[in-house]
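See structure below.
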Amino acid sequence: MSMPNIPNITPNISLDRCETIELLLNSIALEEIALSHIMNAEAEKLQLFLAKHSRCLDDVWKMNNSINKTLRTIVKSQMLLQFKLEDVLELDCDSCKPRRPCKPKPQQCCHKCTPDSECHCNCCPDKEHGKCKCH
């Protein structure tokens, strides 16, 4: 497999927020590639073992435990990478994408209006043409 390209980062770091998020996503991808290389090495180790060794139960048991421990460690790393990815994606939503302005919460009318009834108070925030729209 080919070696990943790591971006050249000079000592004078001048990255904006979106570029930083992109570098974080790249770091997650590089870690995923590294884990895939480890899994591939474990598969090759098992293939070599099965081709060259006798089928002694004790040797098979030791090989199974070794590969099991490695795979468990990979799964733990995958979970951490998932958390990291979720956190980075949250940053991406908050900073790099335009956000819609929030609508203000409607206030309660101080009178006992019914929907679309005539309303003459000044506190109904959604009053349109004299009709109460706050219900």
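General observations
- For segment 25-44, the candidate set comprises residues that are over 14 Å from the mean Cα position of the chain (by Cα) and of a type outside the set (A, V, I, L, M); within that set, the residue that is farthest from residue 86 (Cα to Cα) is 44.
- Filter pass, residue 14 being over 20 Å from the mean Cα position of the chain (by Cα) and at pLDDT below 80: yes
The values are calculated or read from the model by the stated rules, or taken from the named source; none is laboratory data. Note that the coordinates shown come from a computational prediction; the quantities given were computed from them, not determined experimentally.
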